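Values in this text are rule-based calculations from the coordinates and carry no lab data. Computed from a predicted structure; not experimentally measured. Because the Cβ atoms are built from the backbone with ideal geometry, glycine has one as well, and the counts that use them run over all protein chains shown.
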Amino acid sequence: MSSDSKPGFFARLRARLTRPGTGLGSELARLFGARRIDAEVLEELETRLLAADVGVTVTQELLEGLRARVARQQLGDVAALLEALQADITALLRPVAQPLRIDPSRKPFTILVVGVNGSGKTTTIGKLANLYTQEGLKVMLAAGDTFRAAATEQLGIWASRTGAELIAQAPGADPAAVAFDALSAARSRGADVLIADTAGRLQAQTHLMEELRKVRRVLGKVDPSAPHEVLLVLDANQGQNALKQAVQFREAVGVTGLVLTKLDGSAKGGIVLAIARQLALPIRFIGIGEGAQDFGEFDADAFARALIDGDKG
């Protein structure tokens with residue numbers, strides 16, 4: 001994402017992560033003002049972190065660090081506490097803020113996109129197609145969700161809108177066959193990027209996860225290095241369940257990167273911290289709405305500011 005588009009994107013992120021005046025920082029400031037830090041302040045902060053879906057483990061780790069600094073009299077008031085919290089969140093997120101880079105030596109660079117039903121997977125593929133075609137790359141899309149006709153139609157709309165080429169077969173076709181044909185076509189037509197959709201599936205459905213492994217194996221038969229990225233799309237509103245999904249998909253198909261969607265919904269974004277701490281998987285992109293402009297690379301500093309400040313700034 002170009003640098004000139006980042007300020008607008010993250011302004012919208014701040015506005016959508018929290019309703020006006022409800023960021024962690026603005027709420028604590030409203031409750032306690034410039035008061036010195038005491039047990040009540042820390043207890044309220046703990047409650048709000050848990051309510052934001054940060055999770056017990058990460059909340060306790062963050063609070064332990066803050067309490068130690070309070071005990072050493074390094075933090076005087078609520079403003080200093082929040083500044084330290086933002087710095088700690090940034091430090092937690094920075095190692096996983098790893099943009100997806102298309103390697104031109106691997107052509108076509110093949111991205112296998114996975115996730116459960118309703119996670120925003122097909123929309124994410126469309127946004128990726130928009131991003132890469134705007135960068136001047138030749139993009140092909142593989143309609144691998146052959147069980148849901150609407151998925152192919154949706155991909156077709158994105159292909160028309162972005163100038164990407166769509167490879168699809170009849171409804172009910174073997175997803176692995178679609179992947180094989182798509183990668184073969186992408187190679188012969190000189191595509192730079194192939195983005196392959198897959199059927200949304202519940203991670204507990206063993207036979208469907210096996211099918212996903214088959215798709216991955218078939219791609220490897222066309223190009224032994226493919227897929228070059230296995231991108232898991234997670235709905236941030238799923239909270240701790242999104243974390244469970246990530247664990248199981250990683251075990252099944254070797255996830256190499258994450259996209260977190262629907263941060264414009266009821267979730268406060270804290271699940272991002274839990275995922276970063278427990279999985280250490282690269283977070284490639286985040287989505288905050290349906291439009292192509294509501295999608296961008298994950299930025300640890302900007303996300304931490306949005307989580308603490310809400311709609312401020």
Q: Only residues that are closer than 23 Å to Lys127 by Cβ and assigned to a helix (DSSP H, G or I): list them for the range 175-225, please.
A: Pro175, Val178, Ala179, Ala182, Leu183, Ala185, Ala186, Leu212, Val215, Arg216, Leu219
Q | Phe109 being in contact (Cβ under 8 Å) with a residue 24 or more places away in the chain, closer than 30 Å to Ala182 by Cα and surrounded by 18 or more Cβ atoms within 10 Å (Cβ to Cβ) | A | yes
Q) part of a helix (DSSP H, G or I) and under 21 Å from Pro104 (Cα atoms) - does that describe any residue in the range 260-280? A) no
Q: Quickly run through the range 48-78 and pick out the residues that are farther than 30 Å from Glu229 by Cα, loosely packed, with under 14 Cβ neighbours inside 10 Å and in contact (Cβ under 8 Å) with a residue 40 or more places away in the chain.
A: Ala51, Gly76
